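Chemist: My questions will all concern the structure given below.
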Amino acid sequence: MTESATPSAWIAAGVQHAVLSRTMPALRHELAGSVSVLRMGLAVVKRKLELTTDPMVDCDAMSQRVESLESGITDLSQSLRRLRHWDKPADEMLSLRALVSEVWELARPFLALRNIEPAELPDEHAAWSDEPVRPQPLMYMLLACIYHLAEGSGHTPRRLMLTVKGARLQVSGDTGDTSEGLAAASTEPARAISSTLQTPPIDRFALQCLAESLHGRIEFSADQTVSLQAG
């Protein structure tokens with residue numbers, strides 16, 4: 001008989017679904033945008049070829065169109081490769097800085113809907129761990145922490161910042177001018193997000209269940225600060 005999953009494991013699976021429901025629209029948007037560029041470029045080239053009566057084609061103009069198509073294909077290929085990180089856990093390992101940079105970009109569209117600016121990540125001279133990491137656990141945990149801070153009740157931070165201390169990451173909400181406090185959440189984007197996601201905000205209990213399931217650690221040192229480390 002197969003052993004039943006614990007309630008905590010089911011909650012963690014629900015959190016993973018919540019993370020995906022917030023992240024996948026950004027990937028779909030990128031893929032759709034790349035495909036649109038390719039279609040437009042191909043349509044222009046096809047039309048020019050149809051209209052030309054001169055056997056000597058403008059090589060410069062054609063080269064520009066070809067470069068545009070090649071760029072679109074490259075963007076599309078990169079976006080497709082990013083999807084492999086969401087497959088079942090594999091043996092592939094990535095550098096911590098490269099993976100965090102990937103997550104930061106994945107979260108950017110969702111943060112933009114709530115008028116939150118993701119700050120620049122620490123550069124290569126910061127205290128990044130040299131140990132490679134498995135992509136999936138850290139991607140889920142870091143994205144969940146970002147969305148947790150972004151969906152704060154009633155208010156959202158003006159900006160999200162990341163601090164790195166070896167393998168330990170700290171995500172914090174920048175309140176800006178303390179006299180003004182946190183930036184008020186935009187009502188319309190928040191309402192639109194809620195109706196689209198159909199999942200509740202990711203709270204602290206959900207984050208703890210996720211970390212336990214992925215053998216990681218998450219700690220809360222302040223209302224706008226979350227520390228995490230993948231297992």
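The values are calculated or read from the model by the stated rules, or taken from the named source; none is laboratory data. For clarity, every value in this text was computed on a predicted model and none was experimentally measured. FYI the Cβ positions are ideal-geometry reconstructions off the backbone, even for glycines, and counts take in every protein chain you see. Only protein heavy atoms, including side chains, enter the accessible area calculation; ligands, DNA and RNA are left aside. Shrake-Rupley method; radii C 1.70, N 1.55, O 1.52, S 1.80 Å.
Chemist: Report the residue count in region 119-167 for those that are among the hydrophobic types (A, V, I, L, M, F, W, C) and in a helix (DSSP H, G or I).
Modeler: Here the count works out to 10.
Chemist: Is it the case that some residue within region 37-52 is assigned to a helix (DSSP H, G or I), closer than 17 Å to Leu80 by Cα and modelled with pLDDT of 70 or more?
Modeler: yes
Chemist: Let me ask something else. Regarding region 95-108, can at least one residue be identified that is over 22 Å from the mean Cα position of the chain (by Cα), modelled with pLDDT of 75 or more and of a type outside the set (A, V, I, L, M)?
Modeler: No: zero hits.
Chemist: Follow-up question, since we're still on this one. Out of all the residues in region 211-220, which are in a strand (DSSP E or B) and touching a residue at least 24 places away in the same chain (Cβ under 8 Å)?
Modeler: Scanning region 211-220 gives a single hit, Ile218.
Chemist: Only one of these is open to solvent by 20 Å² or more (accessible area, probe 1.4 Å), assigned to a helix (DSSP H, G or I) and modelled with pLDDT of 90 or more: Gln208, Gln170. Name it.
Modeler: Answer to the selection: Gln208.
Chemist: Which members of region 119-159 meet the condition of being among the hydrophobic types (A, V, I, L, M, F, W, C) and more than 17 Å from Arg204 (Cβ to Cβ)?
Modeler: Listed by number, the residues that qualify are Ala119, Leu121, Ala126, Ala127, Trp128, Val133, Leu138, Met139.
Chemist: Another question, if that's okay. Can you tell me how many residues within region 123-147 are surrounded by fewer than 16 Cβ atoms within 10 Å (Cβ to Cβ) and of a type outside the set (Gly, Ala, Ser)?
Modeler: Total satisfying the criteria: 6.
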